[in-house]
Amino acid sequence: MELKIHPKDKMTPLERAKAIAEKRDYDRIIMDPFLGEIKARLIGKNTREYWRNEDSLVMGDIVSMNRFGLDGMGVGPNAYGIAEAMGVVPHYPEQGLIYVESHPINSIDEVNKLKDITLDSGSLKMYYNATARLREVADGFCGVGASVSGPITLAGFVLGTDKLLKAMIKSPDKVHDFLRYITDNVKKVVDIFNVLDIGFSMADPIASCTMISPKMYKDFAYPYTLEISSYIKEKSGRAPSYHVCGNTKKVWKYVKNLDIGLFSVDNEMDIDETCEFFADSKMVAGNVAPVYTICNGTQENIEDEVKRCILAGKKCKKGFVLTPGCNLPLATTDEKIDMFLNAGRKYSFI
């Protein structure tokens, strides 16, 4: 299936990105609606059918690109795909979000039972094959990426978030040993996917100050996130993007030092303040409220918030990407997604 330029766009994603990088004229800003499981609906599949089938993953991205005019493609493996490769049993409901059904270890003392990842672990080969197919389809048209997990979220999936947080307080040395295993295996995933000549993104929702203290971030999240981001940049030649849910303001000084090219923020954060802080150091992505504004808001609500974000993004010397604050909920209609993206097109040069 051939990729096509959206009727309201004038450039391919690669042409647009190149023009922006070279400070030439371009048709609109870069946008990502964070569709997530909505891609399943677009190809007539339920959540389980989408996430468990290579053809569905590929077709979901191609159809989404042609329907909405996206700026890139990518299908995982995400935190759940990597966690599954480590022995986690994820549950894929017919409709709804994936969740962990069982953990491979029950205690921080059992970390030595975990096995290193290979391409044959879990469903990793399915994600690899789907990514390779997208890379071939997208050649010369748009970039393709692989998403990896940040260390804290992945550790939480493998052990259980409550047990991980308790261990951070009671057994910090053991947590560091655990995070060494986590980090080394995320790097193995990077090695596997990097041969495809793609970009990388990293998300670590649990690393939020909503979940852990700034000191916990400094001690447990920052050093391993820095190692992973630096490794990705060294191996791929491209700095990854980084998304953390919730409130991150108290750890921005650490985020600023990560080897990332783009920092994506939750809608809980003030986008003006975020862009001002990272104005000279990072691209910023954000941060229209996915539920309140895009899913449940009016066209006027959506346009007002899009304008607010784009105006804030003008402070970012490295660039700005218009996105929701997190993945759009499954209930978000195609019409609302169009409103969001069309507002981005309309106000790109406000």
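A few comments on the model shown:
- Top-ranked residue of the stretch 215-234 - restricted to ones that are of a type in the set (Lys, Arg) and out of contact with any Asp or Glu (no Cβ under 7 Å at 6 or more places or on another chain), ranked as least open to solvent (accessible area, probe 1.4 Å): 218
- Number of residues in the stretch 75-96 that are in contact with a helix residue (DSSP H, G or I) (Cβ under 7 Å, 6 or more places away or on another chain) and closer than 30 Å to residue 8 by Cβ: the value is 2.
- Qualifying residue in the stretch 132-153 (condition: open to solvent by 60 Å² or more (accessible area, probe 1.4 Å), touching a His at 6+ places or on another chain (Cβ under 9 Å) and not polar (S, T, N, Q)): no
- If only residues of the stretch 3-39 that are assigned to a helix (DSSP H, G or I) and of a type outside the set (A, V, I, L, M) are counted, the one that is most open to solvent (accessible area, probe 1.4 Å) is 18.
- Test: residue 84 is under 21 Å from residue 39 (Cβ atoms), in contact (Cβ under 8 Å) with a residue 24 or more places away in the chain and out of contact with any Asp or Glu (no Cβ under 6 Å at 6 or more places or on another chain): yes
- Residue in the stretch 63-83 that is in contact with a Phe, Trp or Tyr (Cβ under 9 Å, 6 or more places away or on another chain), in a loop (DSSP other than H, G, I, E, B) and open to solvent by less than 10 Å² (accessible area, probe 1.4 Å) present: yes
- Restricting attention to the stretch 238-254, the residues being hydrophobic (A, V, I, L, M, F, W, C), surrounded by fewer than 24 Cβ atoms within 10 Å (Cβ to Cβ) and not in a loop (DSSP other than H, G, I, E, B) number 2.
- Taking the stretch 84-105 as the range and being at negative phi, open to solvent by less than 20 Å² (accessible area, probe 1.4 Å) and small (Gly, Ala, Ser) as the test, only 85 passes.
The values are calculated or read from the model by the stated rules, or taken from the named source; none is laboratory data. Please read all numbers here as calculations on a predicted model, not as lab measurements. Positions of Cβ are backbone-derived with ideal geometry, glycine not excepted, and every protein chain shown enters the neighbour counts. We work out accessible area using only protein heavy atoms, side chains counted, and drop any ligands, DNA or RNA first. Shrake-Rupley method; radii C 1.70, N 1.55, O 1.52, S 1.80 Å.
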